[in-house]
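Down below is the structure, laid out as structure tokens.
The values are calculated or read from the model by the stated rules, or taken from the named source; none is laboratory data. These numbers were taken from a predicted model, which means no experiment stands behind them. Using ideal geometry, Cβ is built from the backbone for each residue, glycine included, and neighbour counts are taken over all protein chains shown. Only protein heavy atoms, including side chains, enter the accessible area calculation; ligands, DNA and RNA are left aside. Shrake-Rupley method; radii C 1.70, N 1.55, O 1.52, S 1.80 Å.
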Amino acid sequence: MATSLGANTYNRQNWEDADFPILCQTCLGENPYIRMTKEKYGKECKICARPFTVFRWCPGVRMRFKKTEVCQTCSKMKNVCQTCLLDLEYGLPIQVRDTGLSIKDDMPKSDVNKEYYTQNMEREIQNSDGTRPVGMLGKAPSSSDMLLKLARTTPYYKRNRPHICSFWVKGECKRGEECPYRHEKPTDPDDPLADQNIKDRYYGINDPVADKLLKRASTMPRLDPPDDKSITTLYVGGLGDTITESDLRNHFYQFGEIRTTTIVQRQQCAFIQFATRQAAELAAEKSFNKLIICGRRLTVRWGRTQGARGKERDREGGNDMGLTLDPVPGLPGALPPPPVSEEEAPANYFNLGPNTSPAVMNIALPPPPGVAPPPPPGFGPPMFHSMGPMGTVPPPPMSMRPPGHIHYPSQDPQRMGAHASRHGGS
């Protein structure tokens, strides 16, 4: 029979003494240097009611102090953290894990049966190597598709935040910023997540967090293969800077022959092309929403052809990066198109009249270096031109023409004020 700390020494040999707790990464905190207090036989286990060694620590700055809640024997039987009672491998509640692995571990809840069951489990734990779970969990299959989809791969440190200050909720907190509790509005009391029980969490019954995760698993999207049978490429996103091409090949080669592997480092994604469509479909089925490489959860989708990508971008109104841009308020609308006539008039860059024919100055280009320049007009040898077919003399070349009058747009006779300035000057 289990007794409390203040009772006699009956059954004291079953009390637990440990040197370090069994914790998950979230409860341990992100600080690698933690000061932890140890109290031998400090509390009773909230599951088996046996005294055990209690550890207490602060996981980080502006976090609440945490302590172990169950003994290590109860923790090893379910492979859970001693503080949050979540699975150490997947980071999920026990009810979700047992549902995914299709196991039903009915532990006794009465005092006598519970103590007998615990003693048998302790004996099994001592005979094992300590690397694998015991009981029904040790006989279960290694993994499940649902668990891989729901598994948490990174620590969730928000779970270590302080509790809400009840005095602040009533408007009576006078500590201000020095208050160690959170000054936030509490959640809705009718929310199922507001009513959680540690024993329900451990036994895997009536757990509101587990019910929420199971509902999410039932509504998870599926990755349907495209209709185009020629597509054998998978898109893998969220690579980061640590995942290399060899890491991707080591995972995807098990599904079939890989033709090419292309990594786009700028967008942190990769394209895996398989030799057959059957291998690509198998890889997509086994990797969608459950691909974890080097501790990172990766996104897996089917690749698309260039034509399909362009049509989808035009249909969604996106830009070259695939982003849909909202219209900016305050900008003018689109300009009206220019009038189109049957006979387009030539471009009139100098605002000249239709009957105006300005004189153009013919300026000869300088000769290339090493060539003597031609003589000025009137000083060179006489030039004889042959008569044309109509008896007219052809015009001289451009370099031999006399300089004419240069026309500027400001001297246009049709320009406003041109006549007045001319008469005023004369």
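A few comments on the model shown:
- No other residue among 201, 222 is within 33 Å of the chain's Cα centre (by Cα) and either under 30 Å from residue 253 (Cα atoms) or hydrophobic (A, V, I, L, M, F, W, C) (or both) apart from 222.
- Odd one out for residue 99, checked against (1) in a loop (DSSP other than H, G, I, E, B); (2) within 26 Å of residue 212 (Cβ to Cβ); (3) open to solvent by 20 Å² or more (accessible area, probe 1.4 Å): (1)
- Check on residue 114, at pLDDT below 80 and assigned to a helix (DSSP H, G or I): no
- Scan of the stretch 222-272 for residues that are over 23 Å from residue 149 (Cα atoms), in contact (Cβ under 8 Å) with a residue 12 or more places away in the chain and part of a strand (DSSP E or B), ordered by number: 258, 259, 260, 261, 263
- Of the candidates 90, 33, the single residue that is touching a Leu at 6+ places or on another chain (Cβ under 6 Å) and assigned to a loop (DSSP other than H, G, I, E, B) is 90.
- Residue 56 more than 21 Å from residue 209 (Cβ to Cβ), surrounded by 13 or more Cβ atoms within 10 Å (Cβ to Cβ) and modelled with pLDDT of 80 or more: yes
- Filtered residues of the stretch 261-297 (kept if exposed (fewer than 13 other Cβ atoms within 10 Å of the Cβ) and small (Gly, Ala, Ser)): 295
- Residue that is nearest to residue 210 (Cα to Cα) [pool: residues in the stretch 78-96 that are without any contact (Cβ under 8 Å) to a residue 60 or more places away in the chain and crowded, with 22+ Cβ neighbours inside 10 Å]: 87
- Filter result (outside any loop (DSSP other than H, G, I, E, B) and of a type in the set (Lys, Arg)) within the stretch 172-186: 182
- Test: residue 34 is in contact with a Gly (Cβ under 7 Å, 6 or more places away or on another chain), under 30 Å from residue 164 (Cα atoms) and hydrophobic (A, V, I, L, M, F, W, C): no
- Scanning the stretch 121-158 for residues that are more than 15 Å from residue 91 (Cβ to Cβ), open to solvent by 50 Å² or more (accessible area, probe 1.4 Å), at pLDDT 80 or above and charged (D, E, K, R) gives 123, 124.
- Candidates 216, 175, 161, 201 - the one that is open to solvent by 50 Å² or more (accessible area, probe 1.4 Å), at pLDDT 85 or above and within 30 Å of residue 297 (Cβ to Cβ): 161
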